[in-house]
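Trainee: Sharing a structure with you now.
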Amino acid sequence: MNSTSIKKVAFKTLGCRLNQYETDALVTDFDKAGYQLVGVDESPDVVVVNTCTVTNQSDQKSRTTISQAARANSNAVVVVTGCMANNFKEKLESQDNITFVVENNRKSSILSLVDAHFLGEILHPNQLPQDVFRYEPVQKSLHTRSAVKIQDGCDNFCTFCIIPMVRGRAVSRPVAEVLESVRKTIENGFKEVVITGVNIGRYEDGAARFEDLLAQILEVPGDFRVRISSLEPDGFGDRFVDLFKHPKLMPHLHLCLQSGSDKTLLRMRRMYDVAQFRKTVNLFRSVYPDFNFTTDIIVGFPGETDEEFQDTIDAVKEFNFSHVHTFKYSVRRGTRAERLENHIPEKIKTERSAQIRELSEENKKQYLNSFIGKTQQVLVEKITQGIANGYGQHYVPVRFKAAGVQKNTVYTIRLTEIRGVGENMYLFGELND
Amino acid sequence: MISMIKHDIKIDESFYKVEEIRQLTDETFSLKLPRARFAFKAGQHISLGIHGDYQSREYSIYSGANDENLEVLVKEVENGYFTPKLRKLKVGDLVEIHGPFGKFGMEPHLALSGKFVFIASGTGIAPFRSMVRTYPEIDYTLIHGVRYSNEAYDRHEYASDRYILCSSRDQKGTYNGRLTGYLKNCTFVPETHFYLCGNSDMIFDALEILKDKGFERDQIHCEVYF
């Protein structure tokens with residue numbers, strides 16, 4: 001950066017792990033270029049808002065975040081990117097409080113855009129190169145674990161989903177690039193990498209499929225753990241299950257069920273039914289009885305009857321998801337579900353959502369309880385007021401007294417009790433000497 | 001230099017001129033477009049828009065992957081928004097196409113070695129015509145459910161011993177009644193792969209029948225029309 005004063009940059013990120021990873025990569029870019037990373041309330045010269053558009057609520061949160069960030073920093077360069085930037089590009093471009101709107105496929109070049117702006121060059125975001133994998137391995141991060149992006153876009157066209165429209169068609173990052181990114185991420189000091197993308201189960205680079213890539217990632221030398229971000233429940237067999245025997249691969253999957261009703265799944269244009277989902281879960285639990293499954297559920301999808309919703313309740317109970325990320329269905333313009341009949345009133349969606357959340361909390365308590373008296377290898381993510389926070393291998397939240405404990409280090413913790421309630425429930429334990 | 005210039009030219013391939021409109025029944029017609037460089041696999045669908053209109057709809061491709069034209073099958077929905085506009089299109093009008101999309105279909109090498117049963121309601125026959133035209137040697141049986149037998153679109157293109165017409169409102173089908181009624185009494189060899197395309201009620205009922213017959217869900221492939 002050719003400037004005598006150090007510029008300050010702030011980031012706000014909404015939505016999925018992929019967005020968080022892309023922000024982390026941008027943080028690394030700006031840090032390397034000499035920018036100072038600050039909060040949005042610390043008078044930044046640049047604010048980057050990485051938005052989400054997956055639901056109405058995401059849109060609302062994104063709009064609010066943009067407004068607040070712009071209002072608090074009226075002299076700053078405000079860059080809006082992410083899926084909302086694709087979905088509402090023209091509308092956002094017409095807003096005076098936004099300097100640049102950058103679509104997802106040009107997001108990785110935001111530093112060039114901002115640098116050019118401070119140098120007095122006139123560069124339009126459309127002139128930035130289009131490359132969804134151009135991100136540098138994360139070095140400076142807002143998080144302890146780092147994601148590695150292996151894939152972008154989706155071709156599934158589920159009837160409720162706007163993602164194919166805002167992230168584009170499915171593309172996979174070449175195996176060699178992924179492995180190099182993993183190596184560099186480990187060299188940069190991260191102890192845990194999260195394999196991420198939009199639909200990573202459909203990874204395809206030549207003959208290499210997702211399992212092939214995962215097997216190679218696990219063989220990268222170094223002391224690190226591997227997690228898999230959310231996954232579509234189709235097409236996994238014995239080989240995938242076997243890979244979890246590798247000590248680096250953590251025993252947790254976020255497998256997106258969306259509904260426990262076959263009829264609803266058909267209307268959603270999902271590519272599996274409940275029986276296939278059951279087969280996958282049972283296959284894993286026959287080998288790893290304490291394997292952790294979490295999921296996404298959409299309640300109030302058009303036409304969802306009481307019986308169909310009950311099927312979902314039954315499925316959440318049967319599969320013992322330790323956490324259910326519950327979404328109330330919201331219309332995304334241009335999707336097929338927008339034109340389906342029998343949209344569900346908001347009041348019913350809210351009631352159904354509350355039921356699933358309640359069940360999710362019961363499941364979580366039951367699952368956490370099964371770890372009392374056992375040990376977990378906990379990677380410490382933060383230390384607050386003498387208490388260390390982190391996650392065990394099974395992605396269970398754990399806290400313990402932090403005397404002599406360091407961040408970004410793995411400790412063996414004997415779990416003694418459950419503390420907290422609801423979403424904030426966690427396991428408390430002590431160092432296992 | 002010339003080749004460099006050629007590479008720099010980006011042709012917008014999303015707009016196509018309507019080349020022919022084939023009227024198949026009072027309500028149903030096909031739109032034929034030049035295929036040009038549009039590549040797809042039999043069974044896939046496209047998003048079809050009308051030039052100047054912000055809306056678009058998905059249609060399975062009705063033509064074979066190697067045919068000269070790209071063709072879609074359209075049934076006009078009374079009081080609908082989109083299909084009455086498609087109905088008004090004339091030869092030479094522009095439509096916008098995005099795609100191809102979807103994974104409904106089989107790998108080419110399997111198309112020549114497998115045994116297939118195609119189950120369609122109404123215009124859900126579209127991807128199966130594409131498959132049959134793309135893989136002329138394919139071993140298939142097509143069970144087509146319609147209300148009236150004149151909805152047996154392009155019936156002459158299928159071998160008579162492979163095409164089963166189930167008509168529910170006249171007596172001119174191979175089977176007179178709903179296709180699910182026909183399906184209940186069928187037997188199939190265990191290795192059969194089933195492809196279902198049409199409205200969600202038909203697909204759900206057919207799925208249940210096939211599962212009751214002992215077929216695995218992995219053998220049953222679905223494309224839902226709404």
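Every number in this text was worked out from the coordinates using simple rules, so none of it is lab data. Note that this is a predicted model, so its numbers are computed, not measured. We place every Cβ from the backbone using ideal geometry, glycine too, and count neighbours over all the protein chains shown.
Trainee: Cα to Cα, under 16 Å, and not fewer than 8 places away if on the same chain: which lysines meet these conditions relative to A:Lys248?
Mentor: Within the straight-line cut-off, A:Lys248 pairs with A:Lys191.
Trainee: Show me the ranking of peptides A:370-377, A:268-275 by mean Cβ neighbours inside 10 Å, starting with the highest.
Mentor: Ranking, from highest mean packing down: A:268-275, A:370-377.
Trainee: Lysines within cross-link reach of A:Lys184: Cα-Cα under 16 Å, excluding same-chain residues under 8 positions apart?
Mentor: Here the lysines satisfying the reach criterion relative to A:Lys184 are A:Lys32, A:Lys140, A:Lys149.
Trainee: Here's another thing I want to ask about it. Shape of the range A:53-182 from its Cα gyration tensor (a ≥ b ≥ c, root eigenvalues): rounded if a/c is under 1.5, otherwise prolate when a/b > b/c, or oblate?
Mentor: Here the range A:53-182 falls in the oblate category.
Trainee: If you average the C-alpha positions of the range A:223-272 and of the range A:152-185 separately, how far apart do those two centres end up, in angstrom?
Mentor: The range A:223-272 and the range A:152-185 have Cα centres spaced 16 Å from each other.
Trainee: Out of the chymotrypsin sites (Phe, Trp or Tyr not before Pro) in the range A:283-328, which ones are loop residues according to DSSP with at most 15 other C-beta atoms within 10 Å?
Mentor: Working: sites: A:Phe284, A:Phe291, A:Phe293, A:Phe309, A:Phe319, A:Phe321, A:Phe327; in loops: A:Phe291, A:Phe321.
Qualifying residues, ordered by number: none.
Trainee: So, one more: Suppose we keep just the alpha-carbon trace of the range B:2-101; what are its Rg and Dmax in angstrom?
Mentor: Using the Cα atoms of the range B:2-101, the pair Rg, Dmax is 14.4, 52 Å.
Trainee: List, in the order given, every pair from B:Lys32/B:Lys85; A:Lys279/B:Lys213; A:Lys91/B:Lys88; A:Lys263/B:Lys88 whose Cα-Cα distance in the structure shown is over 26 Å. Can you show the working numbers first?
Mentor: Numbers: B:Lys32/B:Lys85 16 Å; A:Lys279/B:Lys213 19 Å; A:Lys91/B:Lys88 32 Å; A:Lys263/B:Lys88 35 Å.
Over 26 Å apart, Cα to Cα: A:Lys91/B:Lys88; A:Lys263/B:Lys88.
Trainee: Test of understanding: ordering A:Tyr391, B:Tyr148 by Cβ neighbours within 10 Å, fewest first, what list do you get?
Mentor: Exposure proxy ranking, most exposed first: B:Tyr148, A:Tyr391.
Trainee: If you don't mind, there's one more thing I want to ask. Would you work out which of A:Gly334, B:Gly64, A:Val182 lies farthest towards the positive end of the dipole of the protein assembly as shown? Charges go on Cβ: Lys and Arg +1, Asp and Glu -1.
Mentor: Most positive-ward Cα: A:Val182.
Trainee: Pick from A:Val171, A:Val287, A:Val77 the residue whose mean-square fluctuation is largest in a GNM of chain A, springs joining Cα atoms under 10 Å.
Mentor: Between A:Val171, A:Val287, A:Val77, it is A:Val287 that shows the largest mean-square fluctuation.
Trainee: Return a whole-number percent for the relative contact order of chain A, with Cα pairs under 8 Å and 6 or more residues apart as the contact set.
Mentor: 10 percent.
Trainee: Further question: So what's the gap between the Cα centers of the range A:328-373 and the range B:74-140, to the nearest angstrom?
Mentor: That distance is 35 Å.
Trainee: So, with +1 on the Cβ of K and R and -1 on the Cβ of D and E, and no other charges, what is the size of the charge dipole of the range A:146-369 about its Cα centre, to the nearest 20 debye?
Mentor: Around 460 debye, computed over the range A:146-369.
Trainee: Across the residues of A:267-273, average count of Cβ atoms on other protein chains within 10 Å?
Mentor: Partner-chain Cβ atoms within 10 Å, mean over residues of A:267-273: 3.
Trainee: Leaving out same-chain residues fewer than 8 places away, which aspartates and glutamates sit with a Cα under 14 Å from that of B:Lys90?
Mentor: Filter leaves B:Glu19, B:Glu20.
Trainee: Return the Rg/Rh value of chain A, two decimal places, where both radii are evaluated on C-alpha atoms and Rh is the Kirkwood radius.
Mentor: 0.96
Trainee: Would you mind telling me the antiparallel percentage of the DSSP bridges in chain A, rounded to 5?
Mentor: The answer is about 40 percent antiparallel.
Trainee: Something else now. Evaluate E = 1/(1 + (r/R0)^6) for B:Glu137 and B:Glu68, where r is the Cβ-Cβ distance and R0 equals 25 Å; express this FRET efficiency to the nearest 0.05.
Mentor: 0.75
Trainee: Would you work out if the range B:108-225 is rounded, prolate or oblate? Take a ≥ b ≥ c from the square roots of the eigenvalues of the alpha-carbon gyration tensor; rounded if a/c is under 1.5, else prolate when a/b is larger than b/c, oblate otherwise.
Mentor: Because a/c hits 1.5 or more and a/b fails to exceed b/c, the range B:108-225 counts as oblate.
Trainee: Here is a further query. What's the lysine pair count for the range A:286-433 at a Cα cut-off below 22 Å, pairs eight or more apart or interchain?
Mentor: 13
Trainee: Calculate how many DSSP beta bridges within chain B are antiparallel, expressed in % of all such bridges and rounded to the nearest 5.
Mentor: 50 percent
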